[in-house]
Amino acid sequence: TRKVTTHRLIEMKERGEKISMLTAYDYTMAKIVDGAGMDVILVGDSASNVMAGNVTTLPITLDQMIYHGKSVVRAVNRAMVVVDMPFGSYQGNSKEGLASAIRIMKESHADALKLEGGEEIIETVKRILCAGIPIMGHLGLMPQSINKYGTYTVRAKDEAEAEKLLSDAHLLEEAGCFALVLEKIPASLAERVAKELTIPVIGIGAGGKVDGQVLVVQDMLGMSKGFSPRFLRRYADLHTIMTDAIQQYVTDVKDSDFPNEKEQY
Ligand code: KIV
Ligand code: NA
């Protein structure tokens, strides 16, 4: 099985083959996701919420993202592994951004990085690309900017924000990004971006007329209970399956049913 490369993803767009992408933050999950045939595995900074229980993605550190990145890379044979640059590691000057990018690549052995933003971070994007590090852009709802928005609602519904998003998408493509994630924007706008760009556009809550889809794996497996946005399709109810299994274990331990004679030495 050949590794998925940036070049192959662009070929997939040209052929009209949709790109599948899911998050993973640890070895065990990444092994399952890669084995199931995923094209791209995102070590998202959503690990801040999903793995650490933080309310936002802001607290996760560069060291923590590198730890998650390493764990995923060790498990993966085929998928391209993209690591999110965390809040604070690239929004300042481009020199610091490049230093953070190099640390992630050197220490995690990831294939590419993802950064949130357009024009505001374009110098940093160019500097990282100059070092030969592939970058996936991220526009629309950018959770690292939640304190600016004040809400996780749909972005770019008004014309000004939609125009800015379109121009940012072109800036990122012209800078040399190999793909772009669009989060929680109107489907019609996402369709327009995917049509105008030659690089693949991967959506989450951005409709079906883009080049690929991404979800948080714990959400699509139904492990998280409270989170039910319209864009989320649940492919399993692991919350119920895991709770039943764990309750059965508790019962078996209490009843001295586990372990039995065959389960001991
Ligand atoms: O961190 C993350 O999970 C992401 C995806 C939702 C695109 O950035
Ligand atoms: Na992210």
0 to 90° range, to nearest 10: angle between helix 159-175 axis and the chain longest Cα axis: 90 degrees
The chain - percent relative contact order, Cα under 8 Å, separation 6 or more: 16 percent
Residue-wise HN-Hα coupling along segment 68-78, computed from phi with Karplus coefficients 6.51, -1.76, 1.60 (Hz; x: Gly, Pro): 5, x, 4, 4, 6, 4, 4, 8, 9, 9, 10
³J(HN,Hα), Karplus 6.51/-1.76/1.60, whole Hz, each residue of segment 193-208, x for Gly, Pro: 4, 4, 6, 6, 8, 8, 7, x, 10, 10, x, 9, x, 10, x, x
Estimated FRET transfer efficiency (Ser167, Ala99; beta-carbon r; R0 41 Å; 0.05): 0.90
Segment 1-35 and segment 105-169: distance between their alpha carbon centers, rounded to Å: 20 Å
Whether the chain is rounded, prolate or oblate, judged on the alpha carbon gyration tensor where a/c under 1.5 counts as rounded: prolate
Straight-distance crosslink candidates among lysines, where the alpha carbon sits under 22 Å from Lys13 and sequence neighbours closer than 8 are dropped: Lys3, Lys114, Lys184, Lys195, Lys209
Sorted by Cβ neighbour density within 10 Å, fewest at the top, the residues Phe258, Phe231, Phe178: Phe258, Phe231, Phe178
Theoretical gain in end-to-end length, Ser228 to Phe258 [0.36 nm per residue, Cα-Cα removed]: 7.2 nm
In order through segment 177-182: 3J(HN,Hα) via Karplus (6.51 cos²θ - 1.76 cosθ + 1.60), integer Hz, x for Gly, Pro: 4, 9, 6, 9, 9, 10
Efficiency of FRET between Lys106 and Asp158 - r from beta-carbon atoms, R0 30 angstrom, step 0.05: 0.10
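The numbers here are math on the coordinates, done by the rules we state, and not lab data. Computed from a predicted model, the values in this text were never measured in an experiment. Cβ coordinates were reconstructed from backbone atoms using ideal geometry, including for glycine residues, and neighbour counts include every protein chain displayed.
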